[in-house]
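Undergrad: Below you will find the structure I want to go over with you.
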Amino acid sequence: MRTIKTLALLAVSLLIADTGIHTHAQSQSAPSIAHGVRNDLPQPYETQRSWGELPQGSKWAAVTAVEPSPDGQFIYVIHRCIDNSCEGRSEAPILKYDYDGNLLNSFGAGLFIFPHGGTVDYEGNLWVTDARSNDSIGHQVFKFSPDGEILMTLGQQARGGSTPGLLFNPTDVVVDPNDGDIFVAESHRGGMNNRIVHYSSTGRFIKQWGSKGSGQGEFSEPHSIAMDSQGRLFVGDRDNNRIQIFSQEGVFIDEWRQFGRPSGIFITADDKIYVADSESGPDTGAGELMGIRKGIRIGSAVDGTVTAFIEDMEPLRDDHSGAEGVGVDANGNVYGAVVRRQMLERHVLR
(Lines give C-alpha, C1' and ligand atoms only; values in the text may rest on other atoms or scores of the structure.)
Protein backbone atom coordinates (compact mmCIF):
# COMPACT_ATOMS: atom_id res chain seq x y z
CA MET A 1 0.00 0.00 0.00
CA ARG A 2 1.34 3.40 -0.92
CA THR A 3 1.95 5.78 1.93
CA ILE A 4 0.21 9.15 2.13
CA LYS A 5 3.56 10.83 1.37
CA THR A 6 3.98 8.76 -1.79
CA LEU A 7 0.47 9.53 -2.94
CA ALA A 8 1.04 13.22 -2.32
CA LEU A 9 4.22 13.21 -4.41
CA LEU A 10 2.41 11.39 -7.19
CA ALA A 11 -0.38 13.97 -7.14
CA VAL A 12 2.11 16.83 -7.42
CA SER A 13 3.85 15.10 -10.33
CA LEU A 14 0.55 14.65 -12.15
CA LEU A 15 -0.36 18.28 -11.52
CA ILE A 16 2.94 19.46 -12.99
CA ALA A 17 2.50 17.26 -16.06
CA ASP A 18 -1.11 18.36 -16.54
CA THR A 19 -0.54 22.11 -16.20
CA GLY A 20 2.71 22.30 -18.12
CA ILE A 21 4.67 23.66 -15.15
CA HIS A 22 8.39 23.04 -15.63
CA THR A 23 10.87 22.25 -12.94
CA HIS A 24 13.75 24.65 -12.35
CA ALA A 25 16.19 22.34 -14.13
CA GLN A 26 13.93 22.11 -17.17
CA SER A 27 13.39 25.87 -17.38
CA GLN A 28 17.12 26.49 -17.25
CA SER A 29 17.85 24.14 -20.15
CA ALA A 30 14.89 24.98 -22.40
CA PRO A 31 12.95 27.95 -21.05
CA SER A 32 9.59 28.75 -22.65
CA ILE A 33 8.21 31.21 -20.09
CA ALA A 34 10.25 33.17 -17.57
CA HIS A 35 9.16 36.15 -15.47
CA GLY A 36 5.96 36.33 -17.52
CA VAL A 37 7.91 36.58 -20.81
CA ARG A 38 7.37 33.90 -23.46
CA ASN A 39 10.29 32.50 -25.45
CA ASP A 40 8.19 30.06 -27.51
CA LEU A 41 6.17 32.46 -29.67
CA PRO A 42 5.86 32.09 -33.47
CA GLN A 43 8.85 33.40 -35.44
CA PRO A 44 7.45 34.28 -38.88
CA TYR A 45 10.41 36.35 -40.14
CA GLU A 46 13.47 35.65 -42.25
CA THR A 47 16.55 37.67 -41.28
CA GLN A 48 18.81 39.49 -43.76
CA ARG A 49 22.15 41.02 -42.81
CA SER A 50 23.30 42.53 -46.10
CA TRP A 51 20.72 45.28 -46.68
CA GLY A 52 21.82 48.87 -47.15
CA GLU A 53 24.58 50.42 -49.27
CA LEU A 54 27.36 51.94 -47.16
CA PRO A 55 29.51 54.98 -48.03
CA GLN A 56 32.57 53.97 -49.99
CA GLY A 57 35.34 52.60 -47.80
CA SER A 58 33.23 52.42 -44.65
CA LYS A 59 31.54 49.71 -42.61
CA TRP A 60 28.87 49.65 -39.96
CA ALA A 61 29.77 50.99 -36.56
CA ALA A 62 27.44 50.36 -33.60
CA VAL A 63 23.98 50.79 -35.09
CA THR A 64 21.63 52.47 -32.60
CA ALA A 65 18.37 53.37 -34.38
CA VAL A 66 16.41 52.75 -37.58
CA GLU A 67 13.69 55.31 -38.33
CA PRO A 68 11.49 54.82 -41.42
CA SER A 69 9.54 57.89 -42.56
CA PRO A 70 5.73 57.61 -42.25
CA ASP A 71 5.25 58.31 -45.97
CA GLY A 72 6.93 55.04 -46.90
CA GLN A 73 9.72 56.68 -48.90
CA PHE A 74 12.84 56.81 -46.75
CA ILE A 75 14.65 54.90 -44.02
CA TYR A 76 17.17 56.62 -41.76
CA VAL A 77 19.83 54.52 -40.05
CA ILE A 78 21.84 55.99 -37.18
CA HIS A 79 25.22 54.54 -36.25
CA ARG A 80 28.25 55.65 -34.25
CA CYS A 81 30.75 56.55 -36.98
CA ILE A 82 33.45 54.04 -36.03
CA ASP A 83 33.20 51.28 -33.44
CA ASN A 84 31.01 52.82 -30.71
CA SER A 85 31.63 56.58 -30.80
CA CYS A 86 31.56 59.63 -33.07
CA GLU A 87 33.84 61.70 -30.87
CA GLY A 88 36.45 63.43 -33.03
CA ARG A 89 35.29 61.64 -36.16
CA SER A 90 34.49 63.07 -39.59
CA GLU A 91 32.07 60.33 -40.66
CA ALA A 92 28.36 61.11 -40.91
CA PRO A 93 26.36 59.10 -38.36
CA ILE A 94 23.02 59.44 -40.18
CA LEU A 95 22.47 57.51 -43.42
CA LYS A 96 19.35 58.02 -45.54
CA TYR A 97 18.08 55.17 -47.77
CA ASP A 98 15.31 54.38 -50.19
CA TYR A 99 13.37 51.15 -49.77
CA ASP A 100 15.77 49.27 -52.02
CA GLY A 101 18.69 50.04 -49.70
CA ASN A 102 20.27 52.65 -51.99
CA LEU A 103 22.17 55.31 -50.06
CA LEU A 104 20.65 58.70 -50.85
CA ASN A 105 22.37 61.01 -48.38
CA SER A 106 24.40 61.15 -45.20
CA PHE A 107 24.64 63.95 -42.64
CA GLY A 108 25.22 64.89 -39.00
CA ALA A 109 29.03 64.79 -39.04
CA GLY A 110 30.68 66.60 -36.12
CA LEU A 111 27.45 67.06 -34.16
CA PHE A 112 27.41 63.96 -31.95
CA ILE A 113 29.46 62.05 -29.42
CA PHE A 114 27.08 59.13 -28.92
CA PRO A 115 24.08 59.28 -31.29
CA HIS A 116 21.38 57.21 -29.67
CA GLY A 117 17.61 57.29 -30.30
CA GLY A 118 15.47 59.02 -32.88
CA THR A 119 12.11 59.44 -34.56
CA VAL A 120 10.66 60.75 -37.81
CA ASP A 121 7.80 63.18 -37.18
CA TYR A 122 4.55 63.63 -39.13
CA GLU A 123 6.20 66.23 -41.40
CA GLY A 124 9.05 63.89 -42.32
CA ASN A 125 11.70 65.55 -40.15
CA LEU A 126 14.25 63.39 -38.32
CA TRP A 127 15.01 63.86 -34.61
CA VAL A 128 18.17 62.35 -33.05
CA THR A 129 19.48 62.39 -29.47
CA ASP A 130 23.07 62.50 -28.22
CA ALA A 131 23.46 60.36 -25.09
CA ARG A 132 27.00 61.47 -24.13
CA SER A 133 29.03 64.67 -24.04
CA ASN A 134 32.48 66.18 -23.80
CA ASP A 135 33.66 69.75 -23.26
CA SER A 136 32.45 70.82 -26.70
CA ILE A 137 29.28 68.97 -27.69
CA GLY A 138 26.57 66.70 -26.29
CA HIS A 139 23.43 66.76 -24.11
CA GLN A 140 21.25 67.74 -27.07
CA VAL A 141 18.43 66.66 -29.38
CA PHE A 142 18.61 67.69 -33.04
CA LYS A 143 15.74 68.12 -35.47
CA PHE A 144 16.79 67.69 -39.12
CA SER A 145 14.92 68.31 -42.33
CA PRO A 146 14.79 65.31 -44.72
CA ASP A 147 17.86 66.83 -46.44
CA GLY A 148 19.87 67.10 -43.21
CA GLU A 149 19.38 70.80 -42.41
CA ILE A 150 19.26 71.53 -38.67
CA LEU A 151 15.82 72.97 -37.89
CA MET A 152 15.87 72.96 -34.09
CA THR A 153 17.96 71.88 -31.11
CA LEU A 154 16.82 71.05 -27.59
CA GLY A 155 19.23 71.38 -24.67
CA GLN A 156 22.41 73.41 -24.56
CA GLN A 157 25.59 72.30 -26.27
CA ALA A 158 27.96 70.48 -23.88
CA ARG A 159 26.02 71.73 -20.85
CA GLY A 160 24.08 69.08 -18.96
CA GLY A 161 21.57 69.66 -16.19
CA SER A 162 18.11 69.12 -14.76
CA THR A 163 16.60 72.59 -14.91
CA PRO A 164 14.26 73.74 -17.72
CA GLY A 165 16.24 74.26 -20.91
CA LEU A 166 18.88 71.67 -20.02
CA LEU A 167 19.12 67.97 -20.76
CA PHE A 168 21.55 65.31 -19.61
CA ASN A 169 22.47 62.57 -22.09
CA PRO A 170 18.99 62.18 -23.65
CA THR A 171 18.22 58.68 -24.91
CA ASP A 172 15.16 59.01 -27.17
CA VAL A 173 12.49 61.36 -28.50
CA VAL A 174 8.96 61.17 -29.90
CA VAL A 175 6.67 63.80 -31.47
CA ASP A 176 2.88 63.99 -31.26
CA PRO A 177 1.45 63.98 -34.83
CA ASN A 178 -1.54 66.11 -33.79
CA ASP A 179 0.04 69.18 -32.19
CA GLY A 180 3.78 68.61 -32.66
CA ASP A 181 4.54 68.42 -28.92
CA ILE A 182 7.89 66.79 -28.17
CA PHE A 183 8.74 64.25 -25.46
CA VAL A 184 12.35 63.41 -24.56
CA ALA A 185 13.53 60.50 -22.39
CA GLU A 186 16.74 60.81 -20.35
CA SER A 187 19.40 59.89 -19.06
CA HIS A 188 21.81 57.15 -20.13
CA ARG A 189 24.03 54.90 -17.97
CA GLY A 190 23.87 56.49 -14.54
CA GLY A 191 23.10 60.02 -15.74
CA MET A 192 21.71 62.57 -13.31
CA ASN A 193 18.15 62.52 -14.71
CA ASN A 194 15.62 59.72 -14.92
CA ARG A 195 12.69 61.57 -16.40
CA ILE A 196 10.52 62.53 -19.36
CA VAL A 197 10.66 66.15 -20.57
CA HIS A 198 7.72 67.68 -22.44
CA TYR A 199 8.23 70.55 -24.93
CA SER A 200 5.87 72.43 -27.22
CA SER A 201 6.27 72.16 -30.99
CA THR A 202 8.42 75.31 -30.88
CA GLY A 203 10.78 73.86 -28.27
CA ARG A 204 9.30 75.67 -25.25
CA PHE A 205 9.67 73.70 -22.00
CA ILE A 206 6.26 72.63 -20.64
CA LYS A 207 6.93 70.16 -17.83
CA GLN A 208 8.93 67.16 -16.69
CA TRP A 209 8.18 64.09 -14.62
CA GLY A 210 9.98 61.10 -13.17
CA SER A 211 12.87 60.40 -10.82
CA LYS A 212 15.22 57.55 -9.97
CA GLY A 213 13.44 54.52 -8.57
CA SER A 214 11.29 51.50 -9.30
CA GLY A 215 7.82 52.71 -8.30
CA GLN A 216 5.06 53.93 -10.58
CA GLY A 217 6.29 56.96 -12.49
CA GLU A 218 9.90 56.36 -11.43
CA PHE A 219 12.64 55.22 -13.82
CA SER A 220 15.98 53.56 -13.97
CA GLU A 221 17.42 54.42 -17.39
CA PRO A 222 14.39 55.27 -19.54
CA HIS A 223 16.03 54.05 -22.73
CA SER A 224 13.27 54.52 -25.30
CA ILE A 225 9.93 56.24 -25.82
CA ALA A 226 7.11 55.73 -28.33
CA MET A 227 3.52 56.91 -28.82
CA ASP A 228 0.40 54.97 -29.78
CA SER A 229 -2.62 56.17 -31.79
CA GLN A 230 -4.29 57.45 -28.61
CA GLY A 231 -1.30 59.66 -27.82
CA ARG A 232 -0.24 57.54 -24.86
CA LEU A 233 3.50 57.42 -24.12
CA PHE A 234 5.26 54.06 -23.83
CA VAL A 235 8.57 54.36 -21.97
CA GLY A 236 11.16 51.59 -22.03
CA ASP A 237 12.19 51.62 -18.36
CA ARG A 238 15.09 49.32 -19.10
CA ASP A 239 16.81 48.74 -15.77
CA ASN A 240 13.41 48.06 -14.20
CA ASN A 241 12.60 45.43 -16.87
CA ARG A 242 9.31 47.03 -17.86
CA ILE A 243 7.41 49.36 -20.14
CA GLN A 244 5.55 52.14 -18.35
CA ILE A 245 2.56 53.78 -20.05
CA PHE A 246 1.60 57.42 -19.38
CA SER A 247 -0.77 60.11 -20.54
CA GLN A 248 0.90 63.16 -22.06
CA GLU A 249 0.34 64.92 -18.74
CA GLY A 250 2.56 62.33 -17.05
CA VAL A 251 -0.25 60.39 -15.39
CA PHE A 252 0.70 56.73 -14.89
CA ILE A 253 -1.63 54.33 -16.74
CA ASP A 254 -0.06 50.87 -16.63
CA GLU A 255 3.15 48.85 -16.69
CA TRP A 256 3.94 45.84 -18.89
CA ARG A 257 6.65 43.27 -18.25
CA GLN A 258 5.67 40.66 -20.85
CA PHE A 259 7.90 42.20 -23.56
CA GLY A 260 11.16 41.60 -21.67
CA ARG A 261 13.83 44.16 -20.89
CA PRO A 262 13.08 47.04 -23.31
CA SER A 263 15.94 48.76 -25.11
CA GLY A 264 13.86 49.95 -28.08
CA ILE A 265 10.14 50.42 -28.79
CA PHE A 266 8.38 51.08 -32.10
CA ILE A 267 4.60 51.43 -32.49
CA THR A 268 2.98 51.47 -35.93
CA ALA A 269 -0.09 53.51 -36.93
CA ASP A 270 -2.33 50.47 -36.35
CA ASP A 271 -0.99 50.06 -32.79
CA LYS A 272 1.27 47.10 -33.35
CA ILE A 273 4.16 47.28 -30.89
CA TYR A 274 7.70 46.01 -31.45
CA VAL A 275 10.05 45.80 -28.45
CA ALA A 276 13.78 45.09 -28.74
CA ASP A 277 15.34 43.24 -25.81
CA SER A 278 19.14 43.25 -26.06
CA GLU A 279 20.02 42.60 -22.42
CA SER A 280 17.90 39.85 -20.86
CA GLY A 281 19.51 36.54 -20.00
CA PRO A 282 22.87 37.49 -18.46
CA ASP A 283 23.47 38.63 -14.90
CA THR A 284 25.93 41.53 -15.00
CA GLY A 285 24.68 43.17 -11.84
CA ALA A 286 22.30 45.53 -13.65
CA GLY A 287 19.19 43.61 -12.65
CA GLU A 288 18.80 41.56 -15.83
CA LEU A 289 16.24 38.75 -15.71
CA MET A 290 17.53 35.25 -16.27
CA GLY A 291 15.90 32.71 -18.56
CA ILE A 292 14.67 35.22 -21.14
CA ARG A 293 15.93 35.02 -24.70
CA LYS A 294 17.09 38.18 -26.43
CA GLY A 295 15.21 39.38 -29.50
CA ILE A 296 12.30 41.50 -30.71
CA ARG A 297 8.84 40.75 -29.29
CA ILE A 298 5.78 41.82 -31.26
CA GLY A 299 2.26 42.37 -30.04
CA SER A 300 -0.59 44.81 -29.45
CA ALA A 301 -0.16 48.27 -27.96
CA VAL A 302 -3.90 48.20 -27.22
CA ASP A 303 -4.09 45.26 -24.82
CA GLY A 304 -0.46 44.15 -24.38
CA THR A 305 -0.80 40.69 -25.91
CA VAL A 306 2.45 39.32 -27.36
CA THR A 307 2.02 37.34 -30.56
CA ALA A 308 5.41 36.88 -32.27
CA PHE A 309 9.13 36.83 -31.58
CA ILE A 310 12.24 37.49 -33.67
CA GLU A 311 14.91 35.63 -31.72
CA ASP A 312 18.40 37.12 -31.74
CA MET A 313 21.25 35.11 -33.24
CA GLU A 314 22.88 35.06 -29.77
CA PRO A 315 19.77 34.75 -27.56
CA LEU A 316 21.50 33.44 -24.46
CA ARG A 317 24.91 35.09 -24.77
CA ASP A 318 26.27 36.30 -21.44
CA ASP A 319 26.98 39.86 -22.54
CA HIS A 320 24.46 42.16 -24.19
CA SER A 321 24.18 41.37 -27.87
CA GLY A 322 20.81 41.80 -29.59
CA ALA A 323 19.17 44.74 -31.33
CA GLU A 324 18.78 47.83 -29.13
CA GLY A 325 16.88 49.92 -31.64
CA VAL A 326 13.93 48.74 -33.73
CA GLY A 327 12.07 50.24 -36.68
CA VAL A 328 9.31 49.02 -39.02
CA ASP A 329 8.82 50.22 -42.59
CA ALA A 330 5.55 50.69 -44.49
CA ASN A 331 5.79 47.14 -45.89
CA GLY A 332 6.03 45.57 -42.42
CA ASN A 333 9.74 44.78 -42.59
CA VAL A 334 11.41 44.99 -39.18
CA TYR A 335 14.88 46.51 -38.72
CA GLY A 336 17.12 45.78 -35.77
CA ALA A 337 19.88 48.22 -34.79
CA VAL A 338 22.62 46.08 -33.23
CA VAL A 339 25.22 47.85 -31.12
CA ARG A 340 27.68 45.20 -29.90
CA ARG A 341 27.88 43.24 -33.17
CA GLN A 342 27.86 46.51 -35.16
CA MET A 343 25.35 45.55 -37.81
CA LEU A 344 21.96 46.33 -39.29
CA GLU A 345 19.49 43.47 -39.42
CA ARG A 346 16.39 43.36 -41.62
CA HIS A 347 13.61 40.89 -40.87
CA VAL A 348 11.16 40.07 -43.66
CA LEU A 349 7.88 38.18 -43.25
CA ARG A 350 8.09 34.72 -44.76
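Undergrad: Between Glu345, Glu279, which is on the phi < 0 side of the Ramachandran plot and part of a loop (DSSP other than H, G, I, E, B)?
TA: The unique qualifying residue is Glu279.
Undergrad: Okay, next question. So which of Ile82, Ile113, Ile137, Ile78 ends up being in contact (Cβ under 8 Å) with a residue 40 or more places away in the chain, assigned by TED's automatic domain parsing to the domain that holds Ser321 and out of contact with any helix residue (DSSP H, G or I) (no Cβ under 6 Å at 6 or more places or on another chain)?
TA: Criteria check complete, one pass: Ile78.
Undergrad: Only one residue in Ser321, Ser278 is surrounded by fewer than 24 Cβ atoms within 10 Å (Cβ to Cβ), in contact with a Lys or Arg (Cβ under 9 Å, 6 or more places away or on another chain) and either among the polar types (S, T, N, Q) or not assigned by TED's automatic domain parsing to the domain that holds Ile245 (or both). Which one?
TA: The conditions single out Ser321.
Undergrad: Take the residues in the stretch 324-342 that are assigned to a strand (DSSP E or B) and aliphatic (A, V, I, L, M); name whichever of them is surrounded by the fewest Cβ atoms within 10 Å (Cβ to Cβ).
TA: Ranking the candidates gives Val328 first.
Undergrad: Quick one: is Pro115 farther than 24 Å from Ser200 by Cα and crowded, with 22+ Cβ neighbours inside 10 Å?
TA: No, not satisfied.
Undergrad: All but one of (1) in contact with a Phe, Trp or Tyr (Cβ under 8 Å, 6 or more places away or on another chain); (2) hydroxyl-bearing (Ser, Thr, Tyr); (3) more than 16 Å from Glu249 (Cα to Cα) hold for Tyr199; which doesn't?
TA: (3)
Undergrad: Another one. Scan Phe168, Phe183 and give me the residue that is within 18 Å of the chain's Cα centre (by Cα), of a type in the set (Phe, Trp, Tyr) and modelled with pLDDT of 95 or more.
TA: Phe183
The values are calculated or read from the model by the stated rules, or taken from the named source; none is laboratory data. This structure is a prediction, so every number in the text was calculated from the model and none was measured. Using ideal geometry, Cβ is built from the backbone for each residue, glycine included, and neighbour counts are taken over all protein chains shown.
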